[in-house]
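Notes follow once the structure below has been shown.
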Amino acid sequence: MGKIQIFSCEKHFQEAIDAAVLRLKNGKPVALPTETVYGLAGSCENSNAIESIFFLKKRPLSDPLIVHVFDKSWACDFFDWNKDQKACFMSLAGTFWPGPLTFVMEARAGVSEVIRAGSPTVALRSPASAFFREVLQRFGRGLAAPSANMFGHISPTTARDVAEEFAGEDLAVFDGGACQVGIESTVLRIFRDGSLQVLRPGCITPAEIEECLERVGSKAVWRKKTSGSIVAAGASPGQELTHYAPRSPTFSLVEGTPRDEAEGRSLEKTVLIDFASRHQKLRTTLLGYIDPAPLGSLRCFTQELFGSLRKAEKTKGVQSILVYFPKDLKGQWSDALRDRIRRSSSGRQAQLAESEAFFIPVQV
Ligand code: TXA
Ligand code: MG
């Protein structure tokens, strides 16, 4: 049995950088903070390191990894792009990098097939975290880094989450505090004909992408008719409907009040993750009540969603988890937030029963 080692990035920045770079040079994966979620990083040129990442996460080899680079000048080592793709990338990366936008384009020969999961494309992003950036600069090579959680489980937003996830493993975790964004990057495919598709929604929205391209005099052409079309669940690798899932059955809480029925589930064994104090009065009935954004900030709700799901699944005696579903809310984070809640609950929905002592799963 191995041992988790936690290094503080804030207290001992240089020592932590040295330790991370040494491990990477020795082909060992390390857990690093990013602005989105913690990543499990390994050299993109070291097949042992890449294999260890898949092995530690129990991730199927059919699921490709994102390569993290220092800046856009590193991208030409990875992308086999044409003029249109490159121009589009340069404008968007110039605006959004370093930051939570991942680009997917055709890969150059020599980019690891394991990282690409056999696909002709590769995904790249430049993270904003100062610690990760320093590691990249010192290491001088791209780092493949999926989120540092077991496959299908909730993504980690603190070093403690990572340590709990990989307890018993020989892994160095670099603690850079809580992640500021709290959900993973937006994944954007740029096709050969210059058209675009969002493969995974994140906090950079299709509207912002359109705006950025308009500023340089080009027009975003989305692959599907709807603006900023987001692919359906399962249409892209790693976009399964069940993802970010807690260990107890989880449901998106939607409006509506069905009659009490035998198959209702007791709120006494349920933890509710609420939003804007909507269901505060159920506090005394529920096993647990968490409201990450009592004043209604979508940003706070997004930032705290994964942490709240972890807290809910760790509550003693929990049998079900309900998450408020912000169906009609509009705003920067809303599509990504709905996507994560939908996937955490594997598409299951529930409503509160009339008596407000139960909730009732509903057919979607
Ligand atoms: O914010 C993030 O992106 C975090 C941090 C650590 O940077 N990383 C992350 O990685 O979320 P991961 O492995 O959990 O998610 C990677 C997703 C895949 O599930 C897939 O949807 C997409 O990126 N992806 C990666 N390579 C791809 C490819 N070649 N083609 C299509 N999609 C790809
Ligand atoms: Mg992930």
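The values are calculated or read from the model by the stated rules, or taken from the named source; none is laboratory data. Keep in mind the model is a prediction, meaning the values are calculated, not measured. Every residue, glycine as well, gets a Cβ built from its backbone with ideal geometry; the counts of neighbours run over all protein chains shown. To get the accessible areas, we keep the full protein, side chains included, count just its heavy atoms, and leave off ligands, DNA and RNA. Shrake-Rupley method; radii C 1.70, N 1.55, O 1.52, S 1.80 Å.
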- request: Work out the FRET efficiency for Arg223 and Glu113 from their Cβ-Cβ distance, taking R0 = 22 Å, and round it to the nearest 0.05.
  value: 0.30
field: Gain upon complete extension [His12, Gln137; 0.36 nm per residue less C-alpha separation]
entry: 43.2 nm
- prompt: So, by mean Cβ neighbours within 10 angstrom, what's the order for 42-50, 127-135, 162-170 with the highest one leading?
  reply: 127-135, 42-50, 162-170
- line: Excluding residues fewer than 8 positions from Lys25 in its own chain, the aspartates and glutamates with Cα under 12 Å of it are Glu45
- line: Rounded to the nearest 5, the percent of antiparallel DSSP beta bridges in the stretch 97-206 equals 65
- prompt: Roughly how much of His153 is accessible, in Å² to the nearest 10, using a 1.4 Å probe?
  reply: 10
Structure-based [θ]222 nm, the chain - -39500 (n - 2.57) summed over DSSP H runs of at least 4, per residue, nearest 500: -8000 deg cm²/dmol
- request: On the full set of protein chains, 1.4 Å probe, figure out the accessible area of Trp81 and give it in Å² to the nearest 10.
  value: 50
- request: Determine the shape class of the chain: with a ≥ b ≥ c the square roots of the Cα gyration tensor eigenvalues, call it rounded for a/c under 1.5, and otherwise prolate if a/b is greater than b/c, oblate otherwise.
  value: oblate
- prompt: Of Arg215, Arg265, Arg23, which is the most mobile in a GNM of the chain whose springs link Cα atoms less than 10 angstrom apart?
  reply: Arg215
- request: Kindly work out what percent of the DSSP beta bridges joining two residues of the chain are antiparallel, to the nearest 5.
  value: 45
field: Segment Glu211-Arg247, length gained on full extension (0.36 nm per residue, minus Cα span)
entry: 9.0 nm
field: Candidate lysines - alpha carbon under 26 Å from Lys330, same-chain residues fewer than 8 apart omitted
entry: Lys219, Lys224, Lys225, Lys281
query: Around Leu287, which amide H atoms from residues at least 5 apart in sequence, or from another chain, sit under 5 Å from its own amide H, with H modelled in the peptide plane?
result: Lys269, Thr270
